[in-house]
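See below for the structure under consideration.
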Amino acid sequence: MATLKNFFANRWGIVGVGAFIGVLAALLQKLGNPGNMGICVACFERDIAGAIGLHRAGVVQYMRPEIIGFVLGSLIAAYIFKEFRPRLGSAPIVRFVLGAFAMIGALVFLGCPWRALLRLAGGDGNAILGLAGLIFGIWIGTLFLKNGYNLGRTEKTYTSAGWLLPLTMLGFLVLMLIFPYVKGEAKNGILFYSLKGPGSMHAALLISLGVGLAIGFLAQRSRFCTMGAFRDLILFKQAHLFTGLLALVVFAFITNLVVGQFHPGFAKQPVAHTMHIWNFGGMVLAGLAFALAGGCPGRQLFLAGEGDGDAAVFVLGMIVGAGFSHNFGLASSPKGVGPYGIAAVIIGLLVCLFIGFTMRKK
Amino acid sequence: MDSVVDARGLSCPQPVLMTMDEIKRVDKGEISILVDTDTSKENVSRAAESRGWIVKDVQPDGIGYRVTISKD
């Protein structure tokens with residue numbers, strides 16, 4: 001009965017959604033998004049932070065419509081299927097801090113888990129180090145979970161509270177329509193744009209928004225989560241979410257082959273560096289932070305769309321974390337890690353361990 | 001006497017962890033799990049079935065659901 005009610009929550013549903021994301025992400029690259037970055041939740045939130053001037057790294061400033069679409073698509077699905085449940089109050093400050101450090105870690109590697117998978121599907125060998133780090137970080141997270149780590153219960157709240165992040169995203173979209181990208185201009189009104197670098201590479205607004213809405217809708221239905229995929233495999237030996245993740249890699253790989261985007265190797269990969277230890281280390285931090293917060297960055301956007309105010313705080317933490325990353329020289333570039341990136345990863349790990357060890361209920 | 005797991009307000013994987021603990025503790029019989037999201041309802045049902053339990057009943061309960069699982 002439960003399976004009939006939600007097709008997307010069964011095995012073929014999650015595989016279908018993973019495949020859909022894989023194909024569309026690879027195609028978005030073909031249509032203008034940066035290399036092996038058809039979709040990257042961390043990178044795109046970082047671009048949004050740049051677009052509104054929270055950092056002023058000139059090459060990564062763009063109001064990414066995919067992110068807006070993720071939240072709004074999930075909101076629409078949640079309303080249609082009567083799953084919009086405004087809730088909050090499960091340690092929001094902790095989620096903010098986890099979001100900020102998750103972003104810092106992801107930007108040392110240069111990608112969220114989705115992009116790590118897309119980089120792998122595009123032939124970037126450095127992604128193997130990133131994914132290994134991600135899995136290791138999540139594994140540490142499962143040890144905390146087994147030992148009673150728990151951020152506490154949410155409370156039901158006002159519907160309007162659940163709407164705040166979706167409304168923020170809607171506001172971002174309106175800003176983008178009022179102050180659109182003008183060719184050759186680094187600023188229009190209050191929004192910053194990139195003239196070169198990844199921030200200057202994007203598919204057309206309506207295509208990006210449409211794909212974002214579709215993925216947001218389907219991911220809300222299927223509960224697609226890359227962190228959960230590894231966590232459930234480690235914690236419960238359950239491969240449900242993992243099959244979706246595998247489908248994403250396989251279908252992105254096939255699409256890359258078909259459109260000529262598969263270039264195997266380690267050196268000179270798009271928006272990537274070859275410092276193996278810090279590709280690994282950055283993602284250990286990100287993976288641990290995602291595990292402690294209960295979702296990968298994509299999943300946090302979808303949860304925020306269905307009314308989860310704590311996930312919304314995690315999202316804001318990530319956007320602010322991107323500001324810190326670029327203002328403080330923590331983020332990597334194709335040349336390698338930033339001047340203070342290594343210190344930030346170590347501090348981030350210590351903060352995550354502090355959270356993991358002290359926030360336990362027995 | 002039925003055992004009840006109250007996982008309302010907890011996000012994944014807590015509801016599944018609590019259900020697994022209870023399954024280990026009682027071994028067989030009937031367990032009711034209270035959850036407040038559809039995701040938790042699906043996750044708990046899937047986890048119980050993977051351990052050889054049967055999802056006997058899913059009823060709306062307050063703002064969420066009461067999932068009843070059983071094993072003879």
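Read-outs: derived from the displayed coordinates by stated rules, not from any lab. Quick caveat: nothing in here was measured; it's all calculated off a predicted structure. Cβ atoms come from the backbone with ideal geometry, glycine included; neighbour counts cover every protein chain shown.
Tell me the Kirkwood radius of chain A: reciprocal of the mean inverse pair distance over distinct alpha-carbon atoms, in Å. List each step's numbers first, then the result.
Numbers: mean 1/r = 0.0505 Å⁻¹.
Its Kirkwood hydrodynamic radius stands at 19.8 Å.
May I ask you to derive the relative contact order of the range A:1-138, considering only C-alpha pairs under 8 Å and at least 6 residues apart, and to give it as an integer percent?
Answer for the range A:1-138 is 23 percent.
Given contacts defined as C-alpha pairs under 8 Å and at least six residues apart, what's the relative contact order of chain A, whole-number percent? If you can, show how the numbers build up before the last one.
Numbers: 793 pairs, mean separation 133.3, N = 362.
This gives 37 percent for chain A.
How about the range A:129-184: which trypsin sites (Lys or Arg not before Pro) there are in a DSSP loop, with at most 12 other Cβ atoms within 10 Å of their Cβ?
Sites meeting the loop and neighbour criteria: A:LYS183.
May I ask you to derive the relative contact order of the range A:1-59, considering only C-alpha pairs under 8 Å and at least 6 residues apart, and to give it as an integer percent?
15
Tell me the trypsin sites (Lys or Arg not before Pro) within chain B that lie in a loop according to DSSP and have at most 12 other beta-carbon atoms within 10 Å.
Loop-located and lightly packed - B:LYS28.
Residues with amide H under 5 Å of A:GLY89's amide H, sequence separation 5 or more or different chain, H placed in the peptide plane at 1.01 Å from N; which?
Here the answer is A:GLU155, A:ASP310, since their amide H atoms fall under 5 Å of that of A:GLY89.
Please give the average number of partner chain Cβ atoms lying within 10 Å of the Cβ of each residue in B:34-46, rounded to a whole number. Present the calculation step by step, with values, prior to reporting the outcome.
On the way: counts 0, 0, 5, 9, 13, 12, 0, 4, 9, 8, 0, 4, 9.
Mean shielding by partner chains, rounded to a whole number: 6.
Run the numbers for A:ILE346 and A:LEU195: contour at 0.36 nm per residue of separation, minus the present Cα-Cα distance, in nm.
Details: separation 151, 0.36 × 151 = 54.36 nm, distance 3.34 nm.
Length gained between A:ILE346 and A:LEU195: 51.0 nm.
Counting other C-beta atoms within 10 Å, and keeping those with at most 15, which DSSP coil trypsin sites (Lys or Arg not before Pro) do you find in the range A:187-288?
Working: sites: A:LYS187, A:LYS196, A:ARG221, A:ARG223, A:ARG231, A:LYS237, A:LYS268; in loops: A:LYS196, A:ARG223, A:LYS237, A:LYS268.
Of the trypsin sites (Lys or Arg not before Pro), the ones in loops of the range A:187-288 whose Cβ has at most 15 other Cβ atoms within 10 Å are A:LYS196, A:LYS237, A:LYS268.
Report, in listed order, any pair from A:LYS187/A:LYS268; A:LYS30/A:LYS237; A:LYS82/A:LYS361; A:LYS156/B:LYS41; A:LYS183/A:LYS335; A:LYS156/B:LYS28 with a Cα-Cα distance greater than 26 Å.
Details: A:LYS187/A:LYS268 30 Å; A:LYS30/A:LYS237 36 Å; A:LYS82/A:LYS361 32 Å; A:LYS156/B:LYS41 17 Å; A:LYS183/A:LYS335 28 Å; A:LYS156/B:LYS28 33 Å.
From A:LYS187/A:LYS268; A:LYS30/A:LYS237; A:LYS82/A:LYS361; A:LYS156/B:LYS41; A:LYS183/A:LYS335; A:LYS156/B:LYS28, over 26 Å: A:LYS187/A:LYS268; A:LYS30/A:LYS237; A:LYS82/A:LYS361; A:LYS183/A:LYS335; A:LYS156/B:LYS28.
What 222 nm value per residue comes from the helices of chain A, counting each DSSP H run with n ≥ 4 as -39,500 (n - 2.57) and dividing by all residues, nearest 500 deg cm²/dmol? Don't skip to the answer; put the middle values down first.
On the way: 16 runs with 231 residues, N = 362.
Computed mean residue ellipticity for chain A: -20500 deg cm²/dmol.
Amide H to amide H, which residues 5 or more places from A:ARG64 or on other chains are under 5 Å from it, using H placed in the peptide plane?
Under 5 Å from the amide H of A:ARG64: A:ILE48.
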